[in-house]
Amino acid sequence: MKSILLIVVALLFLSCKNETGDTTNFSWLSGSWSRVEEAGENKTYEKWIPTINGNYNGHGFTLHKKDTVFEEFLSIKPLSKLSKGKESSWVLKVTGVNEEPTIFNIEDTTVNSFTAVNLENEFPTHIRYSYKNDTLKALVSNDSLQIDFKFIKQ
């Protein structure tokens with residue numbers, strides 16, 4: 001009986017493991033975030049939710065008073081889930097801004113940061129998220145412009 005239980009537990013553990021075998025962890029993104037140091041009457045928010053298979057879905061939006069003036073949907077997932085290939089690199093997919101989704105390759109990850117790059121996109125070409133001292137930072141940039149976003153958990 002103990003052997004069967006051990007096998008069941010092992011199978012459950014393996015089935016919950018990221019399908020790519022990649023140990024990249026974006027858990028520091030989880031939660032609802034509110035932008036600080038924002039000028040004017042705008043309020044910007046992001047919410048990141050982990051999925052059961054280790055991916056992350058995000059929703060970012062800006063309100064002017066009670067009207068939504070900007071909205072985007074984000075997802076972080078292994079490249080193989082988008083291209084059905086066997087690669088295990090990660091991508092950041094942004095929808096809702098352009099007519100077609102924009103895919104950024106995640107080229108640099110640390111325990112609490114990542115940089116996503118798409119040199120073919122006009123702006124931004126680089127998106128860098130980092131977490132430090134209870135603050136989530138997002139830096140969007142290209143060669144001539146950069147915009148910093150600082151968020152705190154709601």
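Just so it is clear, none of the values below were taken in a lab; they were calculated from the coordinates. Everything numeric here is computed off the predicted structure, so don't read it as measured data. Ideal geometry is used to build each Cβ from the backbone, glycine not excepted, and the neighbour counts take in all protein chains shown.
Structure summary
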{"quantity": "Total formal charge among the other residues, if their Cβ is under 14 angstrom from that of Leu119, Lys/Arg +1 and Asp/Glu -1", "calculated": "-4"}
{"quantity": "Gain on full stretching of the segment that runs from Lys66 to Val111 - 0.36 nm per residue minus C-alpha separation", "calculated": "12.6 nm"}
{"quantity": "Residue-count net charge about Leu29 - beta-carbon cut-off 12 Å; Lys, Arg +1, Asp, Glu -1", "calculated": "+2"}
{"quantity": "Largest-first ellipsoid semi-axes for the range 22-153, taking √(5λ) over the Cα gyration tensor eigenvalues, angstrom", "calculated": "23, 17, 15"}
{"quantity": "Too-long pairs where the Cα-Cα distance tops 19 Å, listed order kept, from Lys47/Lys150; Lys47/Lys153; Lys43/Lys137; Lys43/Lys65; Lys93/Lys153", "calculated": "Lys93/Lys153"}
{"quantity": "Interchain or long-range residues, amide H under 5 Å from Thr135's placed H", "calculated": "none"}
